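The values are calculated or read from the model by the stated rules, or taken from the named source; none is laboratory data. On a predicted model such as this, the values are computed, not experimentally measured, just so you know. Cβ placement follows ideal geometry from the backbone for every residue including glycine, while neighbour counts extend to all protein chains displayed. Note: areas computed on protein heavy atoms with side chains; ligands, DNA, RNA excluded. Shrake-Rupley method; radii C 1.70, N 1.55, O 1.52, S 1.80 Å.
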Amino acid sequence: MAHPASSAPASNAVHERVLIIDFGSQVTQLIARRVRENGVYCEIHPYNKVDGAFLKAYGPKAIILSGGPSSVLEGESPRATDDVFTLGLPVLAICYGQQTMQVQLGGVVEGGHAREFGRADVEIKKASPLFEGVWDVGGKYPVWMSHGDRVTKLADGFEVIATSENAPFAIAVDEKRRFYTTMFHPEVVHTPDGGKLLRNFTHRIAGFKGDWTMAAFKDEAIARIRAQVGDGKVICGLSGGVDSSVAAVLIHEAIGDRLTCVYVDHGLMRKGESEQVVTLFRDHYNIPLIHADESERFLGALEGVSDPEVKRKTIGKLFIDVFEEKAKGIGGAQFLAQGTLYPDVIESVSAIGGPSVTIKSHHNVGGLPERMNMKLVEPLRELFKDEVRALGRELGLPETFVGRHPFPGPGLAIRVPGEITREKLDILREADAVYLDEIRKAGLYDKIWQAFAVLLPVKTVGVMGDGRTYEYVCALRAVTSTDGMTADFFPYSMDFLGRAATRIINEVRGVNRVVYDVTSKPPGTIEWE
């Protein structure tokens with residue numbers, strides 16, 4: 001898959017596909033998720049990398065223009081290449097996409113009107129294939145708005161088919177040219193019928209068949225791996241998470257024992273997870289595996305380090321160092337595989353700007369150090385997290401492994417705020433294990449997107465029995481999500497929290513207080529870690 005900041009599109013020509021042109025919205029990834037959920041392959045590429053040559057090479061069957069934080073009234077604000085509007089393809093323009101489309105085609109956008117952020121109701125004025133079978137003329141339906149400027153005059157050929165209180169052009173379309181625009185965001189869960197609208201755009205309007213499946217992807221990925229690797233050898237870095245594990249099993253299906261996995265045990269894993277990983281790959285799959293116990297090396301390098309970003313970069317660098325050393329002992333592996341996902345790629349290099357460039361600093365998405373003289377194999381680079389889980393099931397990975405909650409590459413290093421010590425790690429492992437055990441006993445594990453304990457850099461005075469204690473505070477987190485882009489805290493009962501807290505305080509020496517974190521994750525913030 002091509003890097004989103006490159007000028008060359010991916011070579012996945014098997015499937016009909018949508019091109020999503022990104023203007024920097026926090027939720028552009030959600031557009032891709034909703035489109036793929038409808039069985040349609042799509043890619044996100046920045047507006048300033050999409051020109052006529054790119055469009056010809058990519059060959060989209062339809063185009064979606066994303067939202068974005070800019071104002072079209074600014075002199076240097078983003079624009080789509082004019083080729084988008086002359087190819088005769090269906091185009092769906094969302095929020096900022098609507099505004100730049102209108103300005104580029106002769107409409108007018110103005111500021112200074114009532115802004116609209118959050119929930120709104122759109123009233124349907126006229127029928128359209130965009131919401132056929134979903135919304136009825138005359139009805140009002142909830143959507144999610146996020147705009148300051150608004151269209152005040154439509155370009156020639158467009159007509160209004162839906163309005164809201166502060167968006168008189170909430171949906172405006174040119175049915176003849178198959179141009180559809182919405183002021184609201186259909187991709188977010190706060191627009192309940194948004195996925196159905198996107199499906200109408202791809203299937204009813206653009207005529208997609210919906211041939212994007214994990215079964216097809218598996219066969220195509222195996223063929224691509226064989227073509228890339230040839231007779232070469234691959235070393236795969238296992239982190240213990242779902243992504244690298246699925247990547248390893250997929251590559252093994254393609255090239256067999258020419259794959260050697262290296263599990264770098266950095267001493268920052270949860271309780272028992274290293275043993276689980278080694279057992280799965282050595283016993284269940286019989287995949288060649290090197291268990292590199294490098295805990296002393298990692299913990300030594302992290303001694304005295306408090307800044308979470310420095311922790312991530314330190315761990316990422318040491319991972320590469322270990323891979324390089326182990327590769328030399330495998331008889332000259334020419335390729336290094338890792339479980340890079342599509343969100344890693346998008347978030348790690350931002351052509352639009354913003355904080356996302358630092359989110360995935362523990363991944364090596366931009367390439368490997370030149371001294372390694374190895375090529376990357378990233379078979380999951382096209383996939384989102386839930387697609388990786390579906391692929392894992394296609395490959396026969398145990399459900400207990402496929403369904404595991406996301407676990408960050410830096411492991412417990414970023415769940416011990418402040419300086420890391422072996423004592424703190426031991427305390428956190430035990431508290432985290434008790435917490436997850438209670439979640440499983442309550443039958444809640446599969447209802448939660450991610451749950452974990454954090455050992456706060458705070459000690460409090462407590463009373464246990466007849467004595468005083470001065471020990472750490474443990475925070476518990478659990479969030480619900482459908483895509484990992486937005487999340488909300490899981491609504492535990494007080495009975496559950498009471499049981500979990502009591503067990504942790506009774507069983508884990510070093511903790512005398514437990515708190516529950518009820519923070520939500522709005523769109524565009526970093527992953528829960």
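Filter region 227-282 for residues that are of a type in the set (S, T, N, Q), open to solvent by 20 Å² or more (accessible area, probe 1.4 Å) and under 22 Å from Glu296 (Cβ atoms) and give the result.
Once the filter is applied, which keeps residues that are of a type in the set (S, T, N, Q), open to solvent by 20 Å² or more (accessible area, probe 1.4 Å) and under 22 Å from Glu296 (Cβ atoms), region 227-282 yields Ser239, Gln276.
Hey, among the residues in region 190-216 that are at pLDDT below 90 and in contact with a strand residue (DSSP E or B) (Cβ under 9 Å, 6 or more places away or on another chain), which one's surrounded by the most Cβ atoms within 10 Å (Cβ to Cβ)?
Of everything passing the filter in region 190-216, Trp212 is surrounded by the most Cβ atoms within 10 Å (Cβ to Cβ).
Return yes when Leu289 is farther than 20 Å from Gly232 by Cβ and either open to solvent by less than 30 Å² (accessible area, probe 1.4 Å) or not hydroxyl-bearing (Ser, Thr, Tyr) (or both) and no when it is not.
no
Sort out which residues of region 365-401 are modelled with pLDDT under 90, under 23 Å from Arg270 (Cα atoms) and under 17 Å from the mean Cα position of the chain (by Cα), and write them in order of number.
Selection gives Lys385, Asp386.
Take region 147-168 and flag every residue that is modelled with pLDDT of 80 or more, surrounded by fewer than 18 Cβ atoms within 10 Å (Cβ to Cβ), touching an Asp or Glu at 6+ places or on another chain (Cβ under 7 Å) and not in a strand (DSSP E or B).
Passing the criteria: only Gly157.
Exactly one of these conditions fails for Leu55: (1) in contact (Cβ under 8 Å) with a residue 40 or more places away in the chain; (2) surrounded by fewer than 24 Cβ atoms within 10 Å (Cβ to Cβ); (3) under 15 Å from Leu89 (Cβ atoms). Give me its number.
Of the numbered conditions (1) in contact (Cβ under 8 Å) with a residue 40 or more places away in the chain; (2) surrounded by fewer than 24 Cβ atoms within 10 Å (Cβ to Cβ); (3) under 15 Å from Leu89 (Cβ atoms), the odd one out for Leu55 is (1).
Can you name every residue in region 217-226 that is touching a helix residue (DSSP H, G or I) at 6+ places or on another chain (Cβ under 7 Å) and open to solvent by 10 Å² or more (accessible area, probe 1.4 Å)?
Matches in region 217-226: Lys218, Ile222, Arg226.
Inside region 58-71, can you point out the residues that are assigned to a loop (DSSP other than H, G, I, E, B), open to solvent by less than 10 Å² (accessible area, probe 1.4 Å) and touching a residue at least 60 places away in the same chain (Cβ under 8 Å)?
Once the filter is applied, which keeps residues that are assigned to a loop (DSSP other than H, G, I, E, B), open to solvent by less than 10 Å² (accessible area, probe 1.4 Å) and touching a residue at least 60 places away in the same chain (Cβ under 8 Å), region 58-71 yields only Gly67.
Restricting to region 480-516, name every residue that is in a loop (DSSP other than H, G, I, E, B), at pLDDT 90 or above and charged (D, E, K, R).
Selection gives Arg509 alone.
Spot the failing condition for Leu425; the list is (1) open to solvent by less than 20 Å² (accessible area, probe 1.4 Å); (2) at pLDDT 95 or above; (3) in contact with a strand residue (DSSP E or B) (Cβ under 7 Å, 6 or more places away or on another chain), and only one is missed.
So Leu425 meets the others, but not (3).
Got a sec? Which of Leu92, Leu87 is of a type in the set (A, V, I, L, M), within 16 Å of Ile205 (Cα to Cα) and open to solvent by 40 Å² or more (accessible area, probe 1.4 Å)?
Leu87
Please list, ordered by first then second residue, the pairs with beta carbon atoms under 6 Å, 6 or more apart or interchain, first in region 276-302 and under 13 Å from Cys261 (Cβ atoms), second assigned to a helix (DSSP H, G or I) and among the hydrophobic types (A, V, I, L, M, F, W, C).
Ile287/Phe281; Leu289/Phe281; His291/Val278; Ala292/Val322
When you go through Asp488, Asp432, Asp437 one by one, which is the residue that is open to solvent by less than 30 Å² (accessible area, probe 1.4 Å) and among the acidic types (Asp, Glu)?
Asp432 is the lone residue from the list that is open to solvent by less than 30 Å² (accessible area, probe 1.4 Å) and among the acidic types (Asp, Glu).
Find all pairs meeting these conditions: Cβ atoms under 6 angstrom apart; at least six residues apart or on different chains; first residue within region 23-41 and of a type in the set (D, E, K, R); second residue at pLDDT 90 or above and open to solvent by 10 Å² or more (accessible area, probe 1.4 Å).
Arg34/Gly195
Results for (1) at positive phi; (2) not β-branched (Val, Ile, Thr), shown as yes or no for each residue.
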site	(1), (2)
Phe208	no, yes
Ala223	no, yes
Asp231	no, yes
Gly256	yes, yes
Thr260	no, no
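Spot the failing condition for Cys261; the list is (1) modelled with pLDDT of 90 or more; (2) part of a helix (DSSP H, G or I), and only one is missed.
Failed condition: (2).
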